[in-house]
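The values are calculated or read from the model by the stated rules, or taken from the named source; none is laboratory data. On a predicted model such as this, the values are computed, not experimentally measured, just so you know. Ideal geometry is used to build each Cβ from the backbone, glycine not excepted, and the neighbour counts take in all protein chains shown.
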Amino acid sequence: MIKITMTQRILFLAALTIGLLASQDVFLGVKRIVAVGDVHGGYSEFVILLRQAGIIDASNKWIGGATHLVQLGDVLDRGADSRKALDLLASLEGPARKAKGRVHSLIGNHEAMNMYGDLRYVSSGEYAAFQTKESAELRERAYEALADPARKDDAAYRKEWDREHPLGWVEHRQSFAPDGVYGKTFLQHKIAIKINDTLFLHGGIGPKFASMPLEEINSKARNELKGSSPLEIVSDDEGPLWYRGLASSPEDTLSAHVDEVLKNFGILRIVLGHTPTQGTVMPRFNGRVLLADVGLSKFYNSSPSSLLIEDGKAFALHRGTRLEIPAKAEALSAYLKAAAALDPPGTNLRKYVETLGLR
């Protein structure tokens, strides 16, 4: 008989617990949820938002207690400091669990793109964040392995190749591979989660995926990002990473679809990122859909607003001020005016409110 020591037993139970937590798609009995939309490299803006929401202190340490923080994906691309934002989120996971809270870093289309090699939106600053003293040598090796053999001695070709593969590119690609430091982390993250009566995901649920169970969505996406199955759900226009219908299509054309999604997933509302709003959390379909990509990074004019759900009620934390999000269309004007009044002149939200004649 094999004897198991107490230390081995504890380590086994700890590993089992971590595995069970990593596989969890549904969380119930959560009293406070903070959801943050697309970061896109805006680390400093992200930090401000988390402090305003009582998630971190001045030293960026977790003070959120039992709060569940949901980051809706697209930490990456467009801004220079996405790596710092990823590392901050990772640093909060352990302390949040110890405090009976959670950090849910969801996969967005830009996380998926970085994993499967679509680098159209990677900024120069993001590559630079991966640069080391070995970068020049690594790039030289990559050139020898990947460049067109017939053009390797062409100076103009080499100059263009170096422009497309800046220093840090090799380390960046290694880090986002399925076995890389960030790729492995992403494979532990979810495409979508359900907390209480709310579904959180990046893009939306199109008609093609309205009846697919939550666990199947997450497992299929994980297999695709690992490279063990063809890209389908993570690249489909109606899939959870890309679909914009719930954010931008006329509400009367999709109201029945929204009802179907709510029924199929057993929820009362859907919270999305992906499609930037006019500068604050925006309700659609009488509050059944909430859009939380407020344009946080400098690329979108830096609007600091997050979603707060407490005891089932939804609020915007707009520049640190709590505003109840209206469920009825007739109350939207007052909500937008209140949020815009907190902004300095010239913001996207101020301009939008002015175009509506709501000054």
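Which residue out of Glu160, Glu224, Glu144, Glu164 is buried (at least 17 other Cβ atoms within 10 Å of the Cβ) and over 20 Å from Val261 (Cβ atoms)?
Of Glu160, Glu224, Glu144, Glu164, the one residue that is buried (at least 17 other Cβ atoms within 10 Å of the Cβ) and over 20 Å from Val261 (Cβ atoms) is Glu224.
Taking region 225-263 on its own, how many of its residues are free of Cβ contacts under 8 Å to residues at least 40 places away in the same chain and outside any loop (DSSP other than H, G, I, E, B)?
Number of matching residues: 11.
Criterion first (part of a helix (DSSP H, G or I) and at pLDDT 95 or above) does Leu167 satisfy it?
no
Suppose we filter region 103-137 for residues that are of a type in the set (Ser, Thr, Tyr) and within 18 Å of Ser229 (Cβ to Cβ); how many remain?
Count: 1.
Which of the residues that make up region 192-208 are aliphatic (A, V, I, L, M) and either in contact with an Asp or Glu (Cβ under 9 Å, 6 or more places away or on another chain) or assigned to a loop (DSSP other than H, G, I, E, B) (or both)?
Residues satisfying the conditions are Ala192, Ile193, Ile205.
Show me the helices (runs of 4 or more DSSP H) found entirely inside region 75-160 where at least 2 residues are not assigned by TED's automatic domain parsing to the domain that holds Gly227.
135-146
Scanning region 174-186 for residues that are part of a helix (DSSP H, G or I) and in contact (Cβ under 8 Å) with a residue 12 or more places away in the chain, which turns out nearest to Tyr127 (Cα to Cα)?
Ser175
Only one of Val271, Val261, Val289 is among the hydrophobic types (A, V, I, L, M, F, W, C) and in contact with a Phe, Trp or Tyr (Cβ under 7 Å, 6 or more places away or on another chain). Can you tell me which?
The unique qualifying residue is Val271.
Conditions tested, residue by residue: (1) buried (at least 16 other Cβ atoms within 10 Å of the Cβ); (2) free of Cβ contacts under 8 Å to residues at least 12 places away in the same chain; (3) at negative phi.
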position: Phe265; (1), (2), (3): yes, no, yes
position: Gly279; (1), (2), (3): yes, no, no
position: Pro283; (1), (2), (3): yes, no, yes
position: Leu296; (1), (2), (3): yes, no, yes
position: Ser302; (1), (2), (3): yes, no, no
position: Lys313; (1), (2), (3): no, yes, yes
position: Pro345; (1), (2), (3): no, yes, yes
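Restricting the search to region 315-334, which residues are under 25 Å from the mean Cα position of the chain (by Cα), surrounded by 13 or more Cβ atoms within 10 Å (Cβ to Cβ) and touching a residue at least 12 places away in the same chain (Cβ under 8 Å)?
Hits for region 315-334 are Ala316, Leu317, His318, Arg319, Gly320, Thr321, Leu323, Ile325, Pro326, Ala327.
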